[in-house]
Structure formats: C-alpha cells, structure tokens
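Student: This is the structure I have questions about; it appears just below.
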Amino acid sequence: MSKKNPPLSKPKKPVKKDWHRKDIIAAICKTGTNLSQLSFSLGYKAGVLLNALHGPAPKYERLIAEHLGKKPQQLWPSRYHDDGTPRSGRGERGLGRYKAKFNGSAKRRNVNLTGAR
C-alpha cells in the first residue's frame, strides 16, 4: 500500500508581474511626453528616470508612477512590500546599522578632530 505524501510546502501566492519597461514608456508617451521630457520637467537630466526602468530606484519610480496616476507598487509589485515600502535598495539595506550609528546614544569618536576633548 502506497500513500500519497502531502505536499511539503504551502501553495504559493500568484506572483504579480511588474509592468514591462516598454509598457511604461508607452504609457508615458500616451500622456503626450517622453521620459527625457519628463525628467527635464522635474528638474533632472535626460536619462535619470531610466534608472527606475533598469533597477530599483524608489524616488524615480514614485515620480513616474505619480505622472501616470498610479502607485509605484502597481507598476513594480516585485520591488515593494504589501504596505508600500521599498523591498530593496537603500530603503531596506543597512537600515539597522544606520539606526545604531545615528540614534544619538552612541558617542561620536572622530579621531581627526583637532582641539576637541
């Protein structure tokens, strides 16, 4: 008698896919502008907003999403937690070290200060 083994892992949630970069560019073009013009209008150089299409860049993702009238997690769900905070990048990496370093309780020990004792 052979019994079927129960599955070892729970069923996975369906993965939400990010918008393809060409879909994002097309959506921006439908608004009557392009990424370069959008960058200039926001006070950046021409190719700055392209950074969001190639990798996580929460600041630029937010600017593109606001222009399209959406939330960044709707365009790039794989880059955000369920609560809307960035999943990767500076928003998450090294945060514990940063808090420990700058929470005010640690003494600052800069050996290059002259005359300070």
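What follows draws every value from the coordinates through simple rules; no lab data is involved. Just so you know, these numbers come straight off a predicted model, no measurement behind them. For neighbour counting, all protein chains shown are included, and Cβ atoms are generated from backbone atoms with ideal geometry for every residue, glycine included.
Student: Cα-Cα over 20 Å: which of K30/K59; K17/K71; K16/K71; K22/K71?
Tutor: The answer is K30/K59.
Student: Calculate the spin-label point distance for H81 paired with L42, positioning each point 7 Å from the Cα along the beta-carbon direction, and give it in nanometres.
Tutor: Computed distance between label sites L42 and H81 equals 2.3 nm.
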